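Please treat every number below as a calculation from the coordinates, not as lab data. This is a predicted model, so every value here is computed, not measured. A quick note on method: Cβ atoms are made from the backbone with ideal geometry, for glycine too, and the neighbour counts reach across all protein chains shown.
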Amino acid sequence: MTVIKTRRPPALDSPELAGILAEIAADARRRREQGDRSGPLRGLALVREYVLGAVQLPVAEGGGGYNTRQYFEFIIRLAEADSDLPHILRMHFGGGAGSLSTAAGRLRRKQMFEGAIFSGAQAEPTTNPGTYNYDTTLVPDGENFRLNGRKFYTTGAFYADYLNIAAHDDKGQKVNCAIPARREGINHLDDWDGIGQRETASGTIVLKNVLVYPDEVGENTRPEIDDGPSRLRAQAGGSSAHLFLHAVGAGNLRALVTETANMLRDRKRSYAWGNTPEPRHDPQLLAVIGELAATSFMVDAAILAAADTMERSVQYARDHGEVSQELERATQVIVAKVKVAVESVSLAAAGHAYDAGGASWVRESAHLQRFWLNMRTLYSHNPTVYKARVIGDVIVNDGALPLTFF
């Protein structure tokens, strides 16, 4: 990749960040209107330039110093500007900063501050989600290795500079390979056919005899806290990637409110049964906008409340050098509650928006359908009914949480 001159991530409420988000939103609007399917390339360039993957790093380490609540507020705002962009960057935000405690982490940190984008290829269509068993293999080839397999749901990998790819080695052990995204033998297929999040490049990667060097191979370990019914993975804030998806959904809701309000404000024709000559003054139509805004507020509040709980778990781990089982369990439960609570009302709101409009709002050129399609796609990452069942089991029986955050 080409090393670029980067800048420090702006403060959350700074005019500088507001300008970046406005430019991202304008580019997304232009691409929708022109039918441009090239993806959020301008947004990604801004992410590189301002090292937005480092917003949670301490200011002293070149980051933005965001706490967990500020981080999720930032993700909501980014999704409000362009729903595809934060989704593309989910793995980048989740691990792009790297840890200074390891050589691999220090290298990753250096690459990010040079403008690199990180993504991954974990899931496979032939295995059960959450089981972490892979058909992809890493086998010795002299002093090096060769990687072979097929990955799907590789969100963001097409746009990335480096990939983290999960596989099994020749001894059957799980490993991670951190390699350049354009290395010979890596084929990114343009086959993502989801109904929403259309520009996330969430389709297939084919790996054919990809060369991997020894220093690019790491362990794929998933530590656990084992204490009867409260057994958890020993990682503070591990459910962040799950809450992230709902923050992207919340950004869609914010954009839905703004867009429907603008469309109602500009609407000229009313109905014979309407209340006022101008639709923008019709109290029933204004009530629809009010209801959408209230739903958006409620969803934001749920996500940020979960972020506050997660912050307590993360801060405890920083202060004590270990994970608090009690705090992490509380975090995972509240994140699951957010999923169950917000999905149905969010999807209903995306349909209710049409009640403020007329027949012209259902035209393809209005692009209003994208909000329901995007949120439905985001929420389908894992079944809501399973989350609800586990929450009930925790409340009634002090049941165990699954070892996977999804």
Dipole moment magnitude, nearest 20 debye, the range 225-397 about Cα centre, only Lys, Arg, Asp, Glu C-beta charged: 540 debye
Distance (nanometres) between label positions extended 7 Å along Cα→Cβ at Ala11 and Lys208: 5.3 nm
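Which entries in the list Lys5/Lys208; Lys174/Lys208; Lys5/Lys151; Lys151/Lys174 go over 27 Å, if you measure between the two C-alpha atoms of each?
Lys5/Lys208; Lys5/Lys151
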Pair Glu219, Ala287: separation of 7 Å Cα→Cβ label points (nm): 6.2 nm
Karplus (6.51, -1.76, 1.60) ³J(HN,Hα), θ = phi - 60°, over the range 79-88, in Hz, Gly and Pro reported as x: 5, 4, 6, 7, 4, 5, 4, x, 4, 4
Selection from Leu138, Ala81, Phe244, by position along the positive dipole direction of the chain (Cβ): Ala81
Fully extended contour minus Cα-Cα distance, from Val59 to Leu189, at 0.36 nm per residue: 43.0 nm
Using a Förster distance of 45 Å, the FRET efficiency for His367-His320 (Cβ separation, nearest 0.05): 0.40
Kirkwood-Stokes translational diffusion coefficient of the range 44-153, alpha-carbon pairs, 20 °C, 1.002 mPa s, µm²/s: 134 µm²/s
Computed E for Thr384/Glu143 - FRET, C-beta separation, R0 35 angstrom, nearest 0.05: 0.15
Amide H contacts under 5 Å for Gly185, placed H, 5+ residues apart: none
Cβ-Cβ FRET estimate between Thr404 and Thr126, R0 fixed at 25 Å, reported to 0.05: 0.90
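Counting other beta carbons within 10 Å of each residue's own, what order do Met263, Met91, Met375, Met298 fall into, fewest first? Before the final figure, lay out the partial values.
Numbers: Met263 20, Met91 24, Met375 28, Met298 17.
Fewest-to-most Cβ neighbours within 10 Å comes out as Met298, Met263, Met91, Met375.
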Two-site label geometry, Glu278 and Arg265: point separation in nm, points 7 Å out along Cα→Cβ: 1.2 nm
Cross-link partners of Lys339 among aspartates and glutamates (Cα-Cα below 19 Å; sequence separation of 8 or more within a chain): Glu73, Glu80, Asp300, Asp308, Glu311, Glu328, Asp393
Of Ile24, Pro40, Leu57, farthest towards positive along the dipole that unit charges on Lys, Arg, Asp, Glu beta carbons give the range 4-58: Pro40
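Taking only C-alpha pairs under 8 Å that are 6+ residues apart, what is the relative contact order of the range 15-116 in percent? Can you show the working numbers first?
On the way: 91 pairs, mean separation 25.9, N = 102.
For the range 15-116, the relative contact order is 25 percent.
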Ascending count of other beta-carbon atoms within 10 Å, so fewest first, for Arg37, Arg146: Arg37, Arg146
Exposure proxy ranking, count of Cβ atoms within 10 Å, fewest first, for Leu41, Leu378, Leu373, Leu401: Leu41, Leu373, Leu401, Leu378
Rounded to 5, the percent of DSSP beta bridges in the chain classed as antiparallel: 80 percent
Estimated dipole of the range 84-205 in Debye, rounded to 20 [Cβ of Lys and Arg +1, of Asp and Glu -1, Cα centre]: 460 debye
Angle between the chain longest axis and helix 370-379 axis [Cα atoms, degrees, rounded to 10]: 40 degrees
Dipole magnitude (debye, nearest 20) for the chain, charges at Cβ of Lys, Arg, Asp, Glu: 700 debye
Extended-chain gain in nm, criterion 0.36 nm per residue less alpha-carbon gap, Ala294 and Arg182: 35.8 nm
Span from the the range 340-406 Cα centroid across to the the range 235-278 one, whole angstrom: 14 Å
Farthest positive-ward along the chain dipole, Cα basis, beta-carbon charges - from Leu401, Trp361, Thr126: Trp361
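Quick one: what do you get for the range 225-397 if you divide its Cα Rg by 2.2 N^0.38 Å?
1.30
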Shape parameters for the chain, alpha-carbon atoms, Rg then Dmax in Å: 22.2, 80
